[in-house]
Amino acid sequence: MPPTLANFHLASKYLLQGKLVSFPTETVYGLGADATNDQAVASIFAAKKRPSFNPLIIHLPSIEEAEKYVDFDITSRKLAAAFWPGPFTLVLNKKPGTLLSPLVSAGLDTVAVRVPEHPVVRELLENFKYPIAAPSANLSGKLSPTRPEHVARDLKDEVAMILDGPPCRNGIESTIAQVMGSEIRLLRPGSVSQRDIEEVTGLRVVPFEDGQNPTAPGQLKSHYAPRSNVRLNATTVYPDEALLAFGSLYPKDARIVRNLSPKGSLHEAAANLFSLLHELDDLGCETIAVSPIPPHGLGIAINDRLSRAAADNKE
Ligand code: TXA
Ligand code: MG
């Protein structure tokens, strides 16, 4: 549905009724529910087939609104001032006695909060007035959606409405950070980089490492997985493979090629990542070979998603 005033009203009505609404953000499409309604939040987990120990991000229009639900330490406040609205999520301590459904944070004392930038989710938040809990709008463990048709394919029977709108400019999920005393844990890499966070706070940022307790399932080894196999750092391509290329130097003998960014821009590559993976996956090829992506800046977040897409133990 186009993002008209009438549709924003309808979307808010659905949310109030405890239904699910999908909407674009600057990162990926979200599957939203009223974060104060237990039943509605429970239906997110059911729709996505998401393990219920896996907490959700709440979306709010401003830091002032966020302050009704969570406490900000000085460092988190600095981070919020620097990166909100935008593709950045902070894990913060919940205020006692808030209206938030306990299901949102899966029993933790903390809750993940984001103030997004995309005009459609912002308008919806202004309209709805309550926090919206929203994971990415895909089945658990599958590729994230950056287009309404991706959402429809996984979840069309589960959502009351899918709002359309301008593209998801960042294309990969928000950076997630948690301040722990004088250190900051980077729970998920994203468009806001480790360096960005260090510059704003002057504190040490510790990237999450596999093998630590996976409090964020985006941290599970196999995640963001297409049906096809994924082979990374491919500098040659086998006859039965499709190629996901980056830049202008890639094996020219591949039968099927999609290019993340012919000009070699990491920003463009991040924005195209999930939609091109969806596209190649839909062609039904057995293996998607992926060109090397430079491991710096946004390349860190792109390689993080790709290595999880390539990990074994898919369904
Ligand atoms: O860009 C995004 O963040 C998108 C859009 C829709 O906003 N949302 C998103 O949600 O990626 P989801 O559910 O796919 O990923 C949320 C991540 C999960 O890995 C979850 O475990 C982690 O956030 N998370 C949520 N609450 C947490 C908490 N209290 N402590 C640690 N991690 C938490
Ligand atoms: Mg997700």
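The single condition from (1) within 16 Å of ligand 2 (Cβ to nearest atom); (2) in contact with a Ser or Thr (Cβ under 9 Å, 6 or more places away or on another chain) that I132 fails is (2). N233: farther than 16 Å from D281 by Cα, open to solvent by 80 Å² or more (accessible area, probe 1.4 Å) and modelled with pLDDT of 95 or more, yes or no? So N233 passes the test. Restricting attention to segment 155-185, the residues that are aliphatic (A, V, I, L, M), open to solvent by 30 Å² or more (accessible area, probe 1.4 Å) and part of a loop (DSSP other than H, G, I, E, B) total 1. Filtered by the rule that a residue be surrounded by 19 or more Cβ atoms within 10 Å (Cβ to Cβ), in a loop (DSSP other than H, G, I, E, B) and not aliphatic (A, V, I, L, M), segment 111-129 gives P116, H118.
Restricting attention to segment 258-298, which residues are closer than 24 Å to P207 by Cβ and part of a strand (DSSP E or B)? V290 - this is the single residue of segment 258-298 that is closer than 24 Å to P207 by Cβ and part of a strand (DSSP E or B). Here F274 meets each of (1) open to solvent by 30 Å² or more (accessible area, probe 1.4 Å); (2) under 20 Å from G141 (Cα atoms); (3) touching a residue at least 60 places away in the same chain (Cβ under 8 Å) with one exception, condition (1).
Residues in segment 246-271 that are of a type in the set (D, E, K, R) and surrounded by 16 or more Cβ atoms within 10 Å (Cβ to Cβ): R258, E268. Give me the strands (runs of 3 or more DSSP E) completely within segment 3-85, filtered to those with at least 2 residues that are more than 18 Å from P148 (Cα to Cα), ordered by residue number. It comes to 57-59. Any residue in segment 32-52 that is of a type in the set (S, T, Y), away from ligand 1 (no atom under 12 Å from the Cβ), at pLDDT below 95 and open to solvent by 30 Å² or more (accessible area, probe 1.4 Å)? Within segment 32-52, none of the residues are of a type in the set (S, T, Y), away from ligand 1 (no atom under 12 Å from the Cβ), at pLDDT below 95 and open to solvent by 30 Å² or more (accessible area, probe 1.4 Å). If the condition is being within 14 Å of ligand 1 (Cβ to nearest atom) and out of contact with any Leu (no Cβ under 8 Å at 6 or more places or on another chain), then segment 57-79 contributes only I57. Does K94 fit the bill of being charged (D, E, K, R), surrounded by 15 or more Cβ atoms within 10 Å (Cβ to Cβ), over 21 Å from the mean Cα position of the chain (by Cα) and under 12 Å from A177 (Cβ atoms)? Here the answer is no, as K94 does not meet what is asked.
Based on what the data block shows, is I63 open to solvent by 10 Å² or more (accessible area, probe 1.4 Å), under 21 Å from P119 (Cβ atoms) and within 16 Å of ligand 2 (Cβ to nearest atom)? Here the answer is no, as I63 does not meet what is asked. For segment 140-154, a residue qualifies if it is within 11 Å of ligand 1 (Cβ to nearest atom) and surrounded by fewer than 23 Cβ atoms within 10 Å (Cβ to Cβ), and the qualifying residues are S140, G141.
Flag set for G190, criterion: in contact with a strand residue (DSSP E or B) (Cβ under 6 Å, 6 or more places away or on another chain), within 16 Å of ligand 2 (Cβ to nearest atom) and at pLDDT 95 or above.
The values are calculated or read from the model by the stated rules, or taken from the named source; none is laboratory data. Predicted model only: the values in this text are computed from it and were never measured. Virtual Cβ from ideal backbone geometry, glycine too; neighbours counted across all protein chains shown. Just so you know, the surface numbers come from the protein's heavy atoms only, side chains and all, with ligands and any DNA or RNA stripped out. Shrake-Rupley method; radii C 1.70, N 1.55, O 1.52, S 1.80 Å.
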